[in-house]
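> Can you keep this structure in mind? I'll have questions shortly.
The values are calculated or read from the model by the stated rules, or taken from the named source; none is laboratory data. This one's a predicted model, so the numbers in the text were calculated from it and none came from an experiment. Neighbour counts are summed over all protein chains in view; Cβ atoms, including those assigned to glycine, are modelled from backbone coordinates with ideal geometry. To get the accessible areas, we keep the full protein, side chains included, count just its heavy atoms, and leave off ligands, DNA and RNA. Shrake-Rupley method; radii C 1.70, N 1.55, O 1.52, S 1.80 Å.
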Amino acid sequence: MKRALAHSFQSLTIRNFRLFAGGQLASVTGTWMMVVAQDWLVLSLTGDSGTALGVVTALQFAPLLLLTLYAGGLADRYDKRRLLIGANAASGVLALLLAVLVLAGVVRVWHVCVFALALGIVNAVEVPTRMSFVTELVGPELLPNASALSAAYFNSARVVGPALAGLLIGWLGTGTVMAVNAVSYLATVAGLRLIRSEELHRPAGGAGRPKRARAADGIRYMAARPGLLLPMALVAVVGMLGFNFQLTLPLFAKTVLHADAAAFGLLTTAMAAGSLAAAFATTRRRGRPPLRLVIVSALAFGVLELLAGLAPSYAVAAGLLFLTGFASISFAQAANHRIQLGTDVAYRGRVMALYTLVFQGTTPFGALLIGWLSERHGARAGLLAGGAATALAALLVLAVHLWHARSARRAGPGGEAGAADAPAPGASGHRPPAASGPVGR
């Protein structure tokens, strides 16, 4: 038992990762408190408008669509730790300014829109940089374990954050919750500053960093590899239509289940608890996962989201959202590692920027569509549409994958079809074990 636990938490034996994870746990808890507070504030200011909530969500994710590819080039060219320090400091300042407006009683919807857009700009740099930085913290051998633990602390924050936010909103108001979030960024900045650069897993003297890291090169690199392209296409559909819970859950909780802020926070916590369970379940996995695992987990997620949209009561909805959360992290981790461990280190920042772009940058389109559907056809429609789209996309990608597999068998082990899916040299700094298992938004 002790050996199993030690294996599951192996990345935490590395000082740099402990500092990073500790700061992230505090900051992400504050971020999830902010998500609940911001959603509740928008609904309170607009009379439960799904369209307004969709606009705010779209503004927060629109910069990911426009700037992430450029940010991926920055992550490949410059010091990732310094980029992350600047991004987290900026996020803390933005959260503090919005908290002041709310506490002063002068906040308007357009204020929330402006700060959502500004935060989205910062996130466009922070997300791909953070994803590709994990490899530098622990090395390629421990990347799956470190990513699973990252998903674990992220979803621990999703459990604690919304529950705390629901209680604090009813007690002290949304402004106080936003102020707590602003302070939480200090933990991340402190952890990053304490990291020892000489212990990071980087090529000596900055070797391997391209002088010009063009986004177009990253796109061409990925497009030539079906093993990267197919999961990326699936991630795009799931990210745009299936992962709109920031929009669908508050509407579903308030207008269908007639829940108050505390009950909404607990509903979000139920989903986060499922995600946390999935994260811990994958900490022992090593190596690059098979594409079929990505597809099956996406299909399971879509079906469960459909069922959650049909839930007849609060208790049933909470149970189904727990399972949906489990499936969501199973899919996100499998897709992340399928892509990241199949990518050459020189392209990893740009490829993870593409991953961020298609997973989160497509959210503005999905948020506007799901918001419109929810307002026209009820809050259930958003969950039903997201689940149906995800399940259909998984089936289509499965069909393409089977076609590629048949082509590979016809071409033989040395044929083009077989070579196209092989990991690029230096994809993870080592060749994954032959019996490796699969291994996260």
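> Name the pairs: first residue in region 148-159 and under 9 Å from residue 21 (Cα atoms), second residue open to solvent by 20 Å² or more (accessible area, probe 1.4 Å) and assigned to a helix (DSSP H, G or I), Cβ to Cβ under 8 Å, at least 6 apart or on different chains?
That search, which allows pairs on different chains as well, returns 149/12; 153/25.
> With 65, 41, 69, 83 as the choices, which residue is open to solvent by 10 Å² or more (accessible area, probe 1.4 Å), more than 20 Å from the chain's Cα centre (by Cα) and more than 18 Å from residue 138 (Cβ to Cβ)?
Unique residue meeting the criteria: 41.
> Mind checking which residues of region 242-259 are open to solvent by less than 20 Å² (accessible area, probe 1.4 Å) and not in a helix (DSSP H, G or I)? Explain how you work it out, then say what you get.
Looking only at region 242-259, we keep the residues that are open to solvent by less than 20 Å² (accessible area, probe 1.4 Å), and these are 242, 244, 247-253, 259.
Scanning region 242-259 gives 244, 259.
> Ok, one more. Would you tally the residues in region 1-11 being touching a helix residue (DSSP H, G or I) at 6+ places or on another chain (Cβ under 9 Å), surrounded by fewer than 17 Cβ atoms within 10 Å (Cβ to Cβ) and either assigned to a helix (DSSP H, G or I) or at pLDDT 85 or above (or both)?
Qualifying residue count for the region: 2.
> Residues 109, 114, 138: which one is open to solvent by less than 20 Å² (accessible area, probe 1.4 Å), over 15 Å from the mean Cα position of the chain (by Cα) and over 21 Å from residue 362 (Cβ atoms)?
None of the other options fit; the residue is 138.
> Taking region 327-379 as the region of interest, how many residues are outside any helix (DSSP H, G or I) and closer than 30 Å to residue 308 by Cα?
Residues meeting the conditions: 2.
> Of these, 105, 22, 47, which one is of a type in the set (Gly, Ala, Ser) and within 24 Å of residue 128 (Cα to Cα)?
Numbers: 105 fails: within 24 Å of residue 128 (Cα to Cα); 47 fails: within 24 Å of residue 128 (Cα to Cα).
Answer to the selection: 22.
> Still on this model: Just need a number here: residues in region 358-398 that are modelled with pLDDT of 90 or more and surrounded by fewer than 16 Cβ atoms within 10 Å (Cβ to Cβ).
Total satisfying the criteria: 3.
> Does residue 402 meet the test of being modelled with pLDDT of 55 or more, within 25 Å of residue 330 (Cβ to Cβ) and in contact with a Phe, Trp or Tyr (Cβ under 7 Å, 6 or more places away or on another chain)?
no
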